[in-house]
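Have a look at the structure below, then the notes.
The values are calculated or read from the model by the stated rules, or taken from the named source; none is laboratory data. Just so it is clear, the structure is predicted and the values come from calculations on it, not from any experiment. Here the Cβ positions follow ideal geometry from the backbone for every residue, glycine too, while neighbour counts run over all protein chains shown. The protein model used for the area step is the full one, side chains on, heavy atoms only, and it has no ligands, DNA or RNA in it. Shrake-Rupley method; radii C 1.70, N 1.55, O 1.52, S 1.80 Å.
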Amino acid sequence: MRLFENADYSFVSSRRIGYIISGTLLAVSILSLLVRGLALGIDFRGGFEFVVGNMGDVETVEVRSALTGPLGGQPEVKTFGDNSLLIRASVEGEANTTQVQNQILSTIQEQFPEANPQMEKTSVVGPRFAEDLRQGAIYAIFGALAVIFLYILVRFEWRYSVGAVAALVHDVTITLGLFSILAGVVPFSLQIDQGIIAAFLTIVGYSLNDTVVVFDRVREYVNLFKTENFPSIVNKSINATLSRTVVTSVTTLIVVTVLFIFGSEVLRGFSFALIFGVIIGTYSSIFVASPTIVELERRLEQPA
């Protein structure tokens, strides 16, 4: 299927509109990250994870509200399977697993007599292990960006590396900002855990794939249209790949949206990150990565 036959939109000449949109989104995202921060899951701050079975039709919101007081903070409560709840909590002070487990079971039995809660699984993430995971996640993201920079450098040249990495940093920062702004507002968890880190790395891969397709066409057209200036070649390349970009993005969006709607509560944050990541990744390949190489080329052509 091919859309946008003979497309000739002026993306490059309209790039300043993209700068304004991206600059505004980045400013709001960074401000929210500085002021509100991120809601870290127990993977990155330590805590307890329980799976409680035989919960009947008890609502997760009611269980979360009932456990907030006894646990000294709002726990993360999700549906798990057909008749169970996944409860994650960080408890201040010295509390062992048995104490927290008994506190959860007694509170549920007292507040929801129609349920017959049974502890099916217990996991503990210690502070040292959580710190190691947090550092590992940061290394994974920056390591991926460094490898991508080198890969684009070898395959194309340094200007393309700068454009690709700028788009990826743009995508990850704005997605993190969205998680910071909406945490506690939307009716599902947006806590940063290992699953969300996997979603961010997936966004990086998706966005890079889109960008490389455009860069490949730019390299081809540079040799094909030697009399045209570089911005015109980049604009022609974006239009030539527009159909592929839109079709790929829409089909991917359909899949992750179905996962978001019909997937379990555990996958809701993961699929939400992918939905937004696909949209922002498609946008950045056109309005961030490509304009960046145009600006770098323009600066190189200016006399010293």
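Brief remarks follow.
- Residue list for the range 55-70, restricted to those being open to solvent by 50 Å² or more (accessible area, probe 1.4 Å) and part of a helix (DSSP H, G or I): VAL61, GLU62, ARG64, SER65, GLY69, PRO70
- With respect to the conditions (1) over 17 Å from GLY277 (Cα atoms); (2) without any contact (Cβ under 8 Å) to a residue 40 or more places away in the chain; (3) open to solvent by less than 40 Å² (accessible area, probe 1.4 Å), PHE188 lacks only one, and its number is (2).
- A count restricted to the range 38-54 and to residues that are at pLDDT 80 or above and not in a loop (DSSP other than H, G, I, E, B) stands at 9.
- Looking at SER243, SER232, just one residue is out of contact with any strand residue (DSSP E or B) (no Cβ under 7 Å at 6 or more places or on another chain), assigned to a helix (DSSP H, G or I), open to solvent by 40 Å² or more (accessible area, probe 1.4 Å) and touching a residue at least 60 places away in the same chain (Cβ under 8 Å), and that residue is SER232.
- Enumeration of residues in the range 103-157 that are crowded, with 17+ Cβ neighbours inside 10 Å, part of a loop (DSSP other than H, G, I, E, B) and not aromatic (Phe, Trp, Tyr): ALA115, PRO117
- If the condition is being of a type in the set (Gly, Ala, Ser) and surrounded by fewer than 22 Cβ atoms within 10 Å (Cβ to Cβ), then the range 38-54 contributes ALA39, GLY46, GLY53.
- Failed item, numbered, when GLY205 is tested on (1) open to solvent by less than 20 Å² (accessible area, probe 1.4 Å); (2) within 30 Å of LEU86 (Cβ to Cβ); (3) not aliphatic (A, V, I, L, M): (1)
- Checked against the criterion of being open to solvent by 30 Å² or more (accessible area, probe 1.4 Å), polar (S, T, N, Q) and within 25 Å of the chain's Cα centre (by Cα), the candidates THR79, THR98 yield just one match: THR79.
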